[in-house]
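The values are calculated or read from the model by the stated rules, or taken from the named source; none is laboratory data. Treat the numbers as computed from the prediction; the structure is a model and nothing was measured. Here the Cβ positions follow ideal geometry from the backbone for every residue, glycine too, while neighbour counts run over all protein chains shown.
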């Protein structure tokens, strides 16, 4: 098991625990004299809070999956790199192509794109490699893009809960001649809890998105350098 895989579950557990603890703190701030549990606190968020929790589960699942899949061992397995390097040294380019097609990944897809153009001038080989590198990189950026979407939607959902709670509170005040704090406390709790839940999801998800975005860029450059070095043998010397 790789180091990243070992870190994935603890990070996910921390992610969910942080949401639950902050939700409880928000509820405690709204009702300091009551002894409420974590799930009671989350329950104060109503349907909107429940949607935010579901979004957080999706985010946590994506984060764990990205830790498992966006790494060198998956994008350019060392054993595959070594095998292709050996076949290239032997001049078995058809075998290289067949091997790449049987073991699809970022690295093999880029190599295959270059091998298919070997009968053309080297400029065509370079262009084909660059285009495939860009395509594979875009796929990875699109993959992690859902984290960016969640990071943007979560605080908006929290804000929606805030507005809903405040509208409810003012509606209660307007509809009654004599109003006690307890009459609109539930609406205020909804506003507080959904706000905290939304931010609790958005902040760590934003951090993870930036982390994976930088990692994708780094992996793309690293794999591109490996492929470029592998195809330098075909570069004209004059």
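Rundown of residues vs (1) surrounded by 16 or more Cβ atoms within 10 Å (Cβ to Cβ); (2) outside any helix (DSSP H, G or I); (3) more than 29 Å from the chain's Cα centre (by Cα); (4) modelled with pLDDT of 95 or more, yes/no style:
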site: 161; (1), (2), (3), (4): yes, no, no, no
site: 171; (1), (2), (3), (4): no, no, yes, no
site: 187; (1), (2), (3), (4): yes, no, yes, no
site: 215; (1), (2), (3), (4): yes, no, no, yes
site: 222; (1), (2), (3), (4): no, no, no, yes
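Residues of segment 64-89 that are over 15 Å from residue 140 (Cβ atoms), in contact (Cβ under 8 Å) with a residue 60 or more places away in the chain and buried (at least 16 other Cβ atoms within 10 Å of the Cβ): 81, 84, 88.
The number of residues in segment 214-238 being more than 12 Å from residue 140 (Cα to Cα) and in contact with a helix residue (DSSP H, G or I) (Cβ under 8 Å, 6 or more places away or on another chain) comes to 12. A search for C-beta distances below 7 Å between a residue of segment 139-166 that is under 15 Å from residue 199 (Cβ atoms) and any residue that is not in a helix (DSSP H, G or I), counting only pairs 6+ apart in sequence or on different chains, returns 161/45.
At positive phi and surrounded by 15 or more Cβ atoms within 10 Å (Cβ to Cβ), is that true of residue 46?
Judged against the criteria, residue 46 is a match.
Taken as a whole, the structure leaves residue 132 outside the set of residues that are buried (at least 18 other Cβ atoms within 10 Å of the Cβ), more than 25 Å from residue 202 (Cα to Cα) and over 25 Å from the mean Cα position of the chain (by Cα).
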